Amino acid sequence: MPEILRLYVSTTLDLDAERAVIGRTVAELPVKLGIEIRRSPQLTPIYDEVYERLANVDRVYFLLGNDITAPAGLEWNLAWRIDRRVLPLRRSPKPTPAAQEFMRLSPAPWLDYRTSTDLARIITLDLALILRQADNRYGITVREIEQLERAVRQLEKMQVAPAPDPGGADGGGVLLDDGRRDPLSGVLLRKQ
C-alpha cells in the first residue's frame, strides 16, 4: 500500500501567504498520490501540538522572512531535535539582527528565493527528488515518473536570477582602510 507524503510548512509571520504557493505547487505535480500538508495550530500552539504534527512528516519546509517569529522558532528547533528533514528557505531582503543570527546558527545551508515562481521551482525540484527514490514508498507509476522527469528537466533549464547586490550603505559594510592599491604591484598606498 502506498504511503502518504507528509509535508510540514513552517513560515515566519511575514511569509504566511507562501503556504498557498506550496499548496499550488504540490497540486500541480504530474503525479497522483496522497499528500498531506501540515502546519502549527493557528492560535498559540503548545509544544505537544507542534510535536504531534511534526513527528512523522517526510519533509519540513521552513520559510524565513525578515525576522524570526513565533511559532516558527519552536517548529525549527523541534524539527531538528526529532531528526526531520528540514529544507531552510529564505526571502529576507532586510533581515533583522535576530534573523541574521538565526541564519548564522543554522545547521544547514539556506536556499534563497525572490519570487513565488522561484519558491515553486525549488519545491518542485525537492519533491521530485523525494518521489524518485528507489524504494517508491509513494506508489508512483512508471508513466508518472516519466512525467516528473520531464517537468524536472524543464525546471532545470530555467535560470533563477541572482539576488541583486545591494551595494552602498544599504548592503552594510566595513571600511578597512582609506588607502588605495597600486594596480601593478598591489602595494597599499596611503593618503598623506
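The values are calculated or read from the model by the stated rules, or taken from the named source; none is laboratory data. Please read these numbers as outputs of a predicted model, since none were measured by experiment. Cβ: placed from backbone, ideal geometry, glycine included. Neighbour counts: every protein chain shown. All accessible areas refer to the heavy atoms of the entire protein, side chains included, with ligands and DNA or RNA removed. Shrake-Rupley method; radii C 1.70, N 1.55, O 1.52, S 1.80 Å.
For segment 143-148, the Karplus equation 6.51 cos²θ - 1.76 cosθ + 1.60, evaluated at θ = phi - 60°, returns couplings of 4, 5, 5, 4, 5, 5 Hz by residue, with Gly and Pro reported as x. For Glu52, the solvent-accessible surface with a 1.4 Å probe is about 140 Å², rounded to the nearest 10. The listed residues Met103, Met158, Met1 rank as Met1, Met158, Met103 when sorted by accessible area, largest first, using a 1.4 Å probe. Just report the Cα centroid separation between segment 112-131 and segment 26-53, whole Å. If you average the Cα positions of each part, the centres end up 17 Å apart. When each of the peptides 40-46, 59-65 is scored by how many other beta carbons lie within 10 Å of its residues on average, the order from highest to lowest is 59-65, 40-46. On the beta carbon distance between Glu149 and Arg104, with R0 = 45 Å, the FRET formula returns roughly 0.75. Across segment 38-44, rounded Karplus estimates of 3J(HN,Hα) from the backbone phi angles (6.51 cos²θ - 1.76 cosθ + 1.60, θ = phi - 60°) give 10, 7, 5, x, 4, 9, 5 Hz, Gly and Pro being marked x. Around the amide H of Arg38, modelled in the peptide plane, lie the amide H atoms of Leu7, Tyr8, Val9, all under 5 Å away and 5 or more residues distant in sequence or on another chain.
Backbone phi angles across segment 19-31, fed through the Karplus curve with coefficients 6.51, -1.76 and 1.60 (θ = phi - 60°), yield HN-Hα couplings of 4, 5, 4, 5, x, 5, 4, 4, 5, 8, 4, x, 9 Hz in residue order; Gly and Pro are listed as x.
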